[in-house]
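The values are calculated or read from the model by the stated rules, or taken from the named source; none is laboratory data. None of these values were measured; they are calculated from a predicted model. Positions of Cβ are backbone-derived with ideal geometry, glycine not excepted, and every protein chain shown enters the neighbour counts.
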Amino acid sequence: MQQQLLLALATATLSSAHFVLLWPPTAGFDEDTLSNGPCGGAQVAVNDSSPSVQIDRFAISIQNTHPEGEWLFRGTTDTDAPYTWTDLVPVVNTTGLGNFCLDAMSAPDDFAGKAGIIQVVDNSPDGTLYQCAPVNFVAGSNDTTGSNCRNTTGFMATWTNLQSLDGVEDGSGSMSGSMTMSNTASASDAAASSTSAGVAAAITGVGSIVGGVGLLAAVLAL
């Protein structure tokens, strides 16, 4: 039911919204405060009803309304600010509107068995935008395909060799280290440099990840 409500929200606000974190379900969406780090103005409450995220493999699904974006995906086991964030994959560049899904995210082994937060940051034409999801990290891998993990026709995503973005709010009132965009690296090189060593991420459906490795398989149910 919550997933259906989020999808309805994304559809209803498509003409004006920045982006909506569909899975894991966003802690809150307020278009007027999405630029407020670290979670778009939302108060994130983690409890037993928060969805389980398997650390070896899970998905992040987004409804995107910007033709271009630079995306940062981070996680933490801190449930109160200030947060200490861990990069889950290198920065991802996207072109195209609509749904996209990274279906092979992973988190550090020591996250298993702990409550935490997943943060999505979009460096968009409208500025730096934030949303967060409360989760419970668990051991295991989710490797089945689901209809909610999909990409809009023509959507494209590319890896970069960056681990962060300029001026991202970390939750303590300070900003992340300055980094500038550089040439796109191959997916294998970028993944190898991720803090989650050896992580592989995939864009599912008809979208693609470029950089020498082509389209990766889509295998995750939401």
Scope region 103-127; condition within 16 Å of the chain's Cα centre (by Cα), modelled with pLDDT of 85 or more and crowded, with 20+ Cβ neighbours inside 10 Å; matching residues: ASP103, MET105, SER106, ALA107, GLY116, ILE117, ILE118, GLN119, VAL120, VAL121, ASP122, ASN123
Filtered residues of region 113-144 (kept if touching an Asp or Glu at 6+ places or on another chain (Cβ under 8 Å) and assigned to a loop (DSSP other than H, G, I, E, B)): PRO125, ALA139, GLY140
Positions within region 54-85 being at pLDDT below 95 and of a type in the set (Val, Ile, Thr), in sequence order: ILE60, ILE62, THR65, THR79, THR84
Residue in region 146-155 that is of a type in the set (Lys, Arg), in a strand (DSSP E or B) and either surrounded by 19 or more Cβ atoms within 10 Å (Cβ to Cβ) or in contact (Cβ under 8 Å) with a residue 24 or more places away in the chain (or both) present: no
Scope region 40-82; condition under 17 Å from TRP23 (Cβ atoms), in a strand (DSSP E or B) and of a type in the set (Val, Ile, Thr); matching residues: VAL53, ILE60, ILE62
Region 93-108, residues that are within 16 Å of GLY75 (Cβ to Cβ), hydrophobic (A, V, I, L, M, F, W, C) and outside any strand (DSSP E or B): ALA107
Test for ILE60: is it within 21 Å of ASN136 (Cβ to Cβ), crowded, with 19+ Cβ neighbours inside 10 Å and in contact with a Ser or Thr (Cβ under 7 Å, 6 or more places away or on another chain): no
